[in-house]
Amino acid sequence: MLRPPGCATIATMVLAPRRRPPARTILLDRALEALPVFRLSDSASDDTCITYSPEEGRRWRVLPSPGDRLPGTFDQDVYVELWHRFTEAGCPADGVLRFTLHAFLRSMGRRVDGRTYEQLRTSLARLHHTRLESAATYYDASTDSFMEGNLALLTAISIDRRRSADREQLQLFPALNAAEPGVAQVTLSSWARTNVVAGHAIMLSAPLYGTLTSPVARRLYRLLEVAREEGSVTWRVALEQLAEQLPLSQRYPSHLQRVLQPAHEMLIGAGLLRDVQLRQHARSWYVDYVLASRSRTVA
């Protein structure tokens, strides 16, 4: 089976894992990226789930673990970084990723301190326990059908919290940072990995993604790449549908436009979009996107 760009051969992974330069691309499951998973609003909300119905008879829901909240903007970035590492590792067949919390946060561009360590631990646990429900909505490329049932973003996680006394032994292991309080092992779910390895994926530019400081712009970038992979150079979408796919909690067109405008400007400035137009037809609002060329978006 042919692998998409970024998925190295097993031989390359085993013989030279430390010689591979940092991946400039990120592969993500196209089917999942077309669906809402992460809340993008930082405002207080009593939402107990995310619900999305692309058409009658099909439904997608995201439900938090009891006592927890829905995945949010930080969780979105953690999830994308996990797939960045999956791509960088050559798409390991078992989906297992191992990393220090320190290196992970640095790669995300986040400050490394006690607060962010705990934030990362909590986020990984949240991604593991959040339940996704697909009622003929999530597309499985291996069977060319829409999946029914429950899904999870991560199959397993474990974090080794080393005691201070143990750190004296870290000089024997030069690959680890002596100040690092933990090493994580995470397994990405097989259904998403199957889609990516089968080529049902989108490809992001890691450097460009890192320059987008807005969570809405980052999510919109991924959604626009779904449209690109489906053969669109221009994409017209109803504003109401876009709000559900991102998702955004605002519902009035004027409120949505205020939220989207900074993200649109950021995407145009980054060279990811050539143009954006909002138009009203009858009583409905639409957004017309003109995508930049692929050569610019993977620079």
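Okay, here's what the table says:
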| item | result |
| --- | --- |
| Strands (runs of 3 or more DSSP E) wholly inside segment 54-143 containing at least 1 residues that are within 19 Å of the chain's Cα centre (by Cα), loosely packed, with under 15 Cβ neighbours inside 10 Å and in contact (Cβ under 8 Å) with a residue 24 or more places away in the chain | 96-100, 131-140 |
| Criterion: modelled with pLDDT under 95 and surrounded by 17 or more Cβ atoms within 10 Å (Cβ to Cβ) - qualifying residue of PRO181, PRO174 | PRO181 |
| Any chance ALA156 is at pLDDT 95 or above, of a type in the set (Gly, Ala, Ser) and touching a helix residue (DSSP H, G or I) at 6+ places or on another chain (Cβ under 8 Å) | yes |
| Count of residues meeting criterion [touching a residue at least 12 places away in the same chain (Cβ under 8 Å) and within 18 Å of ARG228 (Cα to Cα)] in segment 264-277 | 9 |
| Yes/no for TYR221 being hydroxyl-bearing (Ser, Thr, Tyr), under 20 Å from PHE86 (Cβ atoms) and in contact (Cβ under 8 Å) with a residue 40 or more places away in the chain | yes |
| Only one of LEU220, LEU212 that is out of contact with any Ser or Thr (no Cβ under 9 Å at 6 or more places or on another chain), buried (at least 17 other Cβ atoms within 10 Å of the Cβ) and either at pLDDT 95 or above or among the hydroxyl-bearing types (Ser, Thr, Tyr) (or both) | LEU212 |
| Selected residue (only one of TRP235, TRP191 is outside the structural domain of GLU265 (by TED's automatic domain parsing), of a type in the set (A, V, I, L, M, F, W, C), at pLDDT 95 or above and more than 21 Å from MET108 (Cα to Cα)) | TRP191 |
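Yes/no matrix, rows are residues, columns are (1) of a type in the set (A, V, I, L, M); (2) closer than 20 Å to PRO215 by Cα; (3) assigned by TED's automatic domain parsing to the domain that holds GLU33:
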| site | (1), (2), (3) |
| --- | --- |
| SER254 | no, yes, no |
| ALA263 | yes, yes, no |
| LEU272 | yes, yes, no |
| GLN277 | no, no, no |
| TYR289 | no, yes, no |
| ARG294 | no, no, no |
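Results for (1) buried (at least 17 other Cβ atoms within 10 Å of the Cβ); (2) over 19 Å from THR73 (Cα atoms), shown as yes or no for each residue.
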site	(1), (2)
LEU239	yes, yes
LEU242	yes, no
PRO247	yes, no
TYR252	no, yes
GLN257	no, yes
HIS264	yes, no
ALA270	yes, yes
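The values are calculated or read from the model by the stated rules, or taken from the named source; none is laboratory data. Everything numeric in this text was worked out from a predicted model, so none of it was measured. Using ideal geometry, Cβ is built from the backbone for each residue, glycine included, and neighbour counts are taken over all protein chains shown.
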